[in-house]
Structures are given as structure tokens and as C-alpha cells.
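A.B. asks: Below you'll find the structure I mean.
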Amino acid sequence: MTDRADDLSALRRLLNHRGVVELLDLLADRPRTVRDLRTALGLRRPGVSRVLRVVAAHGLVRTEGPGSWDDALSITTPIELTETGWRTVELLSSFTVWESLYQHSDPTRDL
């Protein structure tokens, strides 16, 4: 049970970053360039770089081209989900997971 609680806690921390869910959703549709992501997410350059660093740090995305996640705007090849990224997308498509993420542990709330 601790593993599930740890997994949910890690997922909750990941989702606290603006644009993560939207970025994962876009990449689940197809690989995209940084430019495509900027346009689709409606984020400025620093915003998309920040989101890419977060998801890359969690091992959710990859690219075949040169560049650094520290300077994501220099990456010109398409970015795609890793196996871990796909598993995360699958988790996020489950209502039960979302319910668990936002379920209150306060037993007095139902009084």
C-alpha cells in the first residue's frame, strides 16, 4: 500500500506544475517539436522550457536530436513520450486515479 501512496504522491507533485497534463496530452496524440508545443500550449518560451524540464526530469519524454533539457528551446527534433510517459498518460486517463489524487483523508469532512 505504501508503494501506491508513494506513486500517488509523486504523481500529485508532478501535476502541481502548470502545463504538465496538457503537454502529456499533446504528446499522446503524436510527437511534437518545441515550437508545436509552444503554440498548442499557449505558453511563452520560458514556460514551455520549464514544463519540458519537469517532464524530462521524471523520464517521461525523449528526443533523438541534440540539445539539452536545460535549454529545451535548442531542441529542434520532435519530442515523444517514453514508456514511463505512456504509463503516466494511461494513469491520468483513469477517473479512479484522479479521484485518489484529490481524495481528502480527513474523516470529518463527511460529517
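A.B. asks: Roll a 1.4 angstrom probe over the protein heavy atoms and tell me the percent of accessible area of the chain that is carbon or sulfur.
C.D. replies: Summing carbon and sulfur atoms, their accessible area is 49 percent of the total for the chain.
A.B. asks: Still on this structure: How far, in degrees from 0 to 90, does helix 2-15 lean away from the longest principal axis of the Cα atoms of the chain, to the nearest 10?
C.D. replies: Helix 2-15 sits at roughly 50 degrees to that axis.
A.B. asks: Relative to the first principal axis of the alpha-carbon coordinates of the chain, what is the inclination of helix 20-29, with its axis defined by its Cα atoms, in degrees from 0 to 90 and to the nearest 10?
C.D. replies: Helix 20-29 and the main axis of the chain meet at about 60 degrees.
A.B. asks: Taking the Cα centre as origin and putting +1 on Lys and Arg beta-carbons and -1 on Asp and Glu beta-carbons, what dipole magnitude results for the chain, to the nearest 20 debye?
C.D. replies: 540
A.B. asks: Give me the 1.4 Å probe accessible area per residue for segment 4-100, excluding ligands and nucleic acids, in Å². The partial results should precede the final answer.
C.D. replies: On the way: 5870 Å² over 97 residues.
Here the residues of segment 4-100 average 60 Å² of exposed surface.
A.B. asks: Once you put a point 7 Å from the Cα of T33 and another 7 Å from the Cα of R53, both along the Cβ direction, what distance in nm separates them?
C.D. replies: 2.3
A.B. asks: Length gain on complete extension for the stretch W86 to D70, per 0.36 nm per residue less the alpha carbon to alpha carbon distance?
C.D. replies: 3.5 nm is the gain from fully extending W86 to D70.
A.B. asks: Tell me, in nm to one decimal, what length is gained between Q103 and R13 on full extension, where the rule is 0.36 nm per residue of separation less the Cα-Cα distance?
C.D. replies: In short, 30.9 nm is gained.
A.B. asks: If one takes the longest principal axis of the Cα atoms in the chain, at what angle in degrees, from 0 to 90 and to the nearest 10, does the Cα axis of helix 83-92 lie?
C.D. replies: Once rounded, the angle reads 40 degrees.
A.B. asks: Determine, at each q value in 0.13 (inverse angstroms), the log₁₀ of I(q)/I(0) that the Debye formula gives when each Cα of the chain is one equal point scatterer.
C.D. replies: Once normalised to I(0) and log-transformed, intensities are -0.51.
The values are calculated or read from the model by the stated rules, or taken from the named source; none is laboratory data. These numbers come from a predicted model, not from an experiment. All Cβ positions, glycine included, derive from the backbone under ideal geometry; neighbour counts span all protein chains shown. Note: areas computed on protein heavy atoms with side chains; ligands, DNA, RNA excluded. Shrake-Rupley method; radii C 1.70, N 1.55, O 1.52, S 1.80 Å.
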